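Have a look at the structure below, then the notes.
The values are calculated or read from the model by the stated rules, or taken from the named source; none is laboratory data. Here the structure is a predicted model, which means the values were calculated and not measured. Don't worry about glycine lacking a Cβ; one is built from the backbone with ideal geometry, like all the others, and counts go over all protein chains shown.
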């Protein structure tokens, strides 16, 4: 299998008011929910955190990687993790997208050979979604993007050897719609909706 996953758990969570990773979700925390769902599909899991030890009390079999550049957003977190992971690439996802299907991640991983970045050709509603395989080959370009403060998705993908897969190509992989998979828990309202959906089994197949 030899697949690596990074769950991005850092950030300020200003709109939520508390760490999203530690929000109660089913009978566990949100990061534990994602970890349990994805661990059968990935050999190695890392947690991107603000400071080492942020999530160590959970006892997950996952190495924490602290951000080396706290003011560079998720791109800074991705760069930090790429310099620390043991493999040549990893699938990155945000802890605020708990309904993502692991089969989507596996599909992107299988299509990521010989590319710096492999992601989906999102529509405008999902452009801010962190979902894709990043190879260590893009460490240099990402560092330059951060240094020159040009960290838009379009600019980064222009500077890297990027493979964008049409969302239609993965629509048949999961019974969970892509709209549901990339539903983001950004604030209290979206969090309560996500919890309600879990209770109703709306995002489970």
TODO: Determine whether residue 118 is within 28 Å of residue 16 (Cβ to Cβ) and either at pLDDT below 90 or buried (at least 17 other Cβ atoms within 10 Å of the Cβ) (or both).
DONE: no
- [ ] Would you mind finding the one in 66, 98, 74 that is crowded, with 19+ Cβ neighbours inside 10 Å and either under 30 Å from residue 179 (Cβ atoms) or in contact with a helix residue (DSSP H, G or I) (Cβ under 8 Å, 6 or more places away or on another chain) (or both)?
- [x] 98
Task: Residue count for the range 33-44, restricted to those that are buried (at least 20 other Cβ atoms within 10 Å of the Cβ) and in contact with a helix residue (DSSP H, G or I) (Cβ under 6 Å, 6 or more places away or on another chain) - done: 1
Task: Residue among 172, 166 that is at pLDDT 90 or above, farther than 18 Å from residue 8 by Cβ and either touching a helix residue (DSSP H, G or I) at 6+ places or on another chain (Cβ under 6 Å) or exposed (fewer than 14 other Cβ atoms within 10 Å of the Cβ) (or both) - done: 166
TODO: Tell me which of these residue 168 doesn't satisfy, since it passes every other one: (1) more than 19 Å from the chain's Cα centre (by Cα); (2) in a helix (DSSP H, G or I); (3) within 21 Å of residue 81 (Cα to Cα).
DONE: (3)
Open item on the list: Can you tell me which residue is modelled with the lowest pLDDT among those in the range 127-145 that are surrounded by fewer than 18 Cβ atoms within 10 Å (Cβ to Cβ) and farther than 22 Å from residue 2 by Cα?
Closed with: 127
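Listed here are the residues, each with its yes/no results for (1) under 15 Å from residue 101 (Cα atoms); (2) modelled with pLDDT under 90; (3) surrounded by fewer than 13 Cβ atoms within 10 Å (Cβ to Cβ).
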site: 159; (1), (2), (3): no, no, no
site: 162; (1), (2), (3): no, no, no
site: 179; (1), (2), (3): yes, yes, yes
site: 184; (1), (2), (3): yes, no, no
site: 198; (1), (2), (3): yes, yes, no
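Which residue out of 189, 180 is under 30 Å from residue 18 (Cβ atoms), under 17 Å from the mean Cα position of the chain (by Cα) and part of a helix (DSSP H, G or I)?
Result: 180 is the single residue among 189, 180 that is under 30 Å from residue 18 (Cβ atoms), under 17 Å from the mean Cα position of the chain (by Cα) and part of a helix (DSSP H, G or I).
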Task: Pair list, Cβ < 6 Å and 6+ apart or interchain, from the range 144-163 residues that are in a strand (DSSP E or B) to residues that are modelled with pLDDT of 90 or more and surrounded by 13 or more Cβ atoms within 10 Å (Cβ to Cβ) - done: 162/117; 163/115; 163/118
- [ ] Could you tell me whether the range 142-155 includes any residue that is out of contact with any strand residue (DSSP E or B) (no Cβ under 7 Å at 6 or more places or on another chain) and farther than 26 Å from residue 88 by Cα?
- [x] no
TODO: For residue 11, indicate whether it is touching a helix residue (DSSP H, G or I) at 6+ places or on another chain (Cβ under 7 Å) and crowded, with 18+ Cβ neighbours inside 10 Å.
DONE: no
